[in-house]
Amino acid sequence: MQPAAIKYEPYTPFVNGLPPAMPALAGVDEIRVPDEIRVPVESDTDIVAARQKGRALAVRLGFSSGEATMVATAISELARNIVLYALRGEMVFCHESDGEKPILVITARDEGDGIADVRQAMQDGYSTTGRLGVGLPGVKRLMDEFEISSIVGRGTVVVVKKWKD
């Protein structure tokens, strides 16, 4: 497994709570997209729900128990960051394929205060709240791909991928 590279991109904010490509759907409560699971995240209960749904999708895609546990751990860390730092956001789970094997794609997005220094936030031991500071760097180590985009005052999006071995 290759180490995950960090890709920095500008964050594109939501329009009426939806990604910019979907502002016309702002009044729709639920959008059904095949093979996509959306979990709003605002509380500890939502963290548990996101973890369970993401792990279940990993198992459904044929990931081993160990791989599914790594996925669930990454989901917990990302969702916990939403609750702690943004108060509200969402987790989106879907899958891709490299032709033979499935790739689980996890997106964590929020409209919180954003991360002022992403490079510093990716350092082991760094925390603005006195916690252990292993969240984002730990997620990067658990997953095969890691991308983060954040704009101060607008929010953060983290996209991670896990390839089935």
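The values are calculated or read from the model by the stated rules, or taken from the named source; none is laboratory data. On a predicted model such as this, the values are computed, not experimentally measured, just so you know. Every residue, glycine among them, receives a Cβ derived from its backbone with ideal geometry; neighbour counts consider all protein chains shown.
Here are the numbers:
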{"quantity": "Condition broken by K101, with the remaining ones in (1) crowded, with 17+ Cβ neighbours inside 10 Å; (2) farther than 18 Å from V41 by Cβ satisfied", "calculated": "(1)"}
{"quantity": "Count - residues of region 53-79 that are surrounded by fewer than 18 Cβ atoms within 10 Å (Cβ to Cβ) and in contact (Cβ under 8 Å) with a residue 12 or more places away in the chain", "calculated": "5"}
{"quantity": "R51 vs. criteria part of a strand (DSSP E or B), basic (K, R) and within 24 Å of G155 (Cα to Cα)", "calculated": "no"}
{"quantity": "Unique match (being touching a Pro at 6+ places or on another chain (Cβ under 6 Å) and surrounded by fewer than 17 Cβ atoms within 10 Å (Cβ to Cβ)) among D117, D124", "calculated": "D124"}
{"quantity": "Cβ-Cβ under 8 Å pairs, at least 6 apart or on other chains, region 96-107 side in contact (Cβ under 8 Å) with a residue 60 or more places away in the chain and closer than 14 Å to I37 by Cβ, far side in a loop (DSSP other than H, G, I, E, B) and of a type in the set (A, V, I, L, M, F, W, C)", "calculated": "L104/L61; L104/F63"}
{"quantity": "Where a residue in region 34-50 is more than 18 Å from R80 (Cβ to Cβ) and its partner, wherever it lies, is modelled with pLDDT of 95 or more and of a type in the set (K, R), with Cβ under 9 Å and at least six apart", "calculated": "I37/K53"}
{"quantity": "Any hit, region 121-137, residues being of a type in the set (V, I, T) and touching a residue at least 60 places away in the same chain (Cβ under 8 Å)", "calculated": "no"}
{"quantity": "Residues of region 70-114 that turn out to be in contact with a strand residue (DSSP E or B) (Cβ under 6 Å, 6 or more places away or on another chain) and aromatic (F, W, Y), as a count", "calculated": "1"}
